[in-house]
Structures are given as C-alpha cells and as structure tokens.
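J.: If you scroll down you'll find the structure; I have some questions about it.
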Amino acid sequence: SGTQRWRYDLQSMSQAAPSIQDGLIYLLLGGRSLACLQDQGNAAGLIWQSDLPYNATSPMTVWLDTIFIGSGEGGDARLVALRRVNPSDRREFAEPNARVQQPAVGGETIFVGADRLWAIDANLFAGQEIVWTSPDVFNVTAPPVYVSPGIVRLAELYAADSGGTVHALDANTGVRFWTHSFGATVTALAVNDSSVFIAGNGVVRAVSRRDGATQWTLPVGG
C-alpha cells in the first residue's frame, strides 16, 4: 500500500545503502558504526552495534554469514570481514593502501579493488589467502563486477582503473582478455548477458562483453 510500517531513529547520517539478509537489516550509522536491526524498527529491534577500525569507504557486501566492508584511507585502508551473528569475530585484509571499493563475491572468492585488484579466499576465517593479484589493474575507481557463466571465460570480472580503462579479466586466474578506453573516470559498472555498461563524466556507454567494442554511448547530463 505504500504506507509506513515502522521507523527507526539512526541518530546520525547514513551514507551507504543498507543490506538485508535472512530478515535482518544491516546499516552503517555515521561514519564507522555498523548496526543489525530486526524488521520491526523500534529500539527493541536493535540486535547489535559495532564500530569499524576507521570510517567506512564502501557499502556492505554480505556473503553467507559474513559482512564485508571497506574501512580506512591510505595506509589505514583495509577490507573488514565480520560475522553476522557476532561482529566481534572479525578478520581484516590489510594489503590495500588506498580506499577499498565495494567488493564483489563470486563462488568462494571475493574481489577487492583499491590501489591494486586482488582475488582472495572469501572465507578469511580459515586463513587469509590471496588467490591472485592483477598485474594490470591499479587504482580501482568503481566496484568490480563479477559474472558467471562468462561469455569468453568460465567466470569473468570487470574493473576500471584511474586512467579510465575498463579491464575484462578471467575471474579464476586474473588474466586479462580485453581492455576498453573510456577516456574519463569510471564511477560505476554493470553487466547483462551481452554488454558491460560503463558510467562516468556524464556518459553511459555499452560495450561488448566479447571484445570490449563500443555498442552505444549516451550523454546523461550528470
């Protein structure tokens, strides 16, 4: 009906989208505090609240019983993994030296874009393991996008760097199979069955997932 079911006073600004899993709502409060709410919205619905080591730099990605979120800038940057039932049970991937973009998950691998692009074992709690580090992608400017099955590879990952280049990678090995020069800072990527959509600098462009060739470009005025 569109009528209000409930409301909850965050008592601070939230600048990232919430995540929902198994009927629970995960919110970023202010810059660095995570909260878990039941879908009822009153004070009794607050299950837990926990602080990150530094301000969050990305929205959350939820995988099974784990929340992944970027935290910190420069040398303090890291990917934090927290158990949904117990946020004190956490691990950190501290290799990044720049703001971490929202990570992507494929299978049991999580793809982390910052000053480099890494594929790491999503189950950090079983031991931190880097699956691969891309030798081609640096200074990632938008959340990477994972898709399986791929068109050229079994699974594919798309990432954009600070030079305005979009890279298509084999998600299992990190090997690059094409690039597309967008010519401006890329702020978002999306994908469907045949195309990668690139947004930035007031333009949306579609390119072929097979070879990176431009299909169309549309100015959007912002």
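J.: Evaluate 2.2 N^0.38 Å with N set to the residue count of the range 135-220, then give the Cα radius of gyration divided by it.
T.: After normalising by residue count via 2.2 N^0.38 Å, the value is 0.97.
J.: A further question follows. What percentage of the solvent-accessible surface of the range 53-150, computed with a 1.4 Å probe over protein heavy atoms, is contributed by carbon and sulfur atoms?
T.: 43 percent
J.: Now, a different point. If you take semi-axes √(5λ) of the Cα gyration tensor in Å from the coordinates, which of [x] 31, 21, 16; [y] 33, 25, 17; [z] 34, 19, 17 do you get?
T.: [x]
J.: What number comes out for accessible area per residue over the range 127-202 if the probe is 1.4 Å? Units Å², please.
T.: 43 Å²
J.: At a probe radius of 1.4 Å, what is the per-residue accessible area of Arg116, in Å² to the nearest 10?
T.: Counting only protein heavy atoms, Arg116 exposes about 70 Å² to solvent.
J.: Taking amide H positions as placed 1.01 Å from N in the peptide plane, with prolines and chain starts having none, which residues 5 or more places from Trp132, or on another chain, fall under 5 Å of its amide H?
T.: Hits under the 5 Å cutoff: Ala119.
J.: For the range 45-99, what is the accessible area per residue in Å², given a 1.4 Å probe and the full set of protein chains?
T.: Per residue, the range 45-99 has 42 Å² of solvent-accessible surface.
J.: Taking each pair of different alpha-carbon atoms in the range 1-106 once, compute 1/r for the pair, average those values, and report the inverse of that mean as the Kirkwood hydrodynamic radius in Å to one decimal.
T.: 14.2 Å
J.: For the chain, set up a GNM with springs between Cα atoms under 10 Å and report which of Leu79, Leu52, Leu154 has the largest fluctuation.
T.: Evaluated over the chain, the most mobile residue of the options is Leu154.
J.: Which order do peptides 92-100, 12-20 fall in by mean Cβ count within 10 Å, highest first?
T.: In decreasing order of mean packing, 92-100, 12-20 become 92-100, 12-20.
The values are calculated or read from the model by the stated rules, or taken from the named source; none is laboratory data. What you are looking at is a predicted structure, and each value in this text was computed from that prediction instead of being measured. No Cβ is skipped: glycine too gets one built from the backbone with ideal geometry, and neighbour counts run over all protein chains shown. SASA here: full protein model, heavy atoms, side chains in, ligands and nucleic acids out. Shrake-Rupley method; radii C 1.70, N 1.55, O 1.52, S 1.80 Å.
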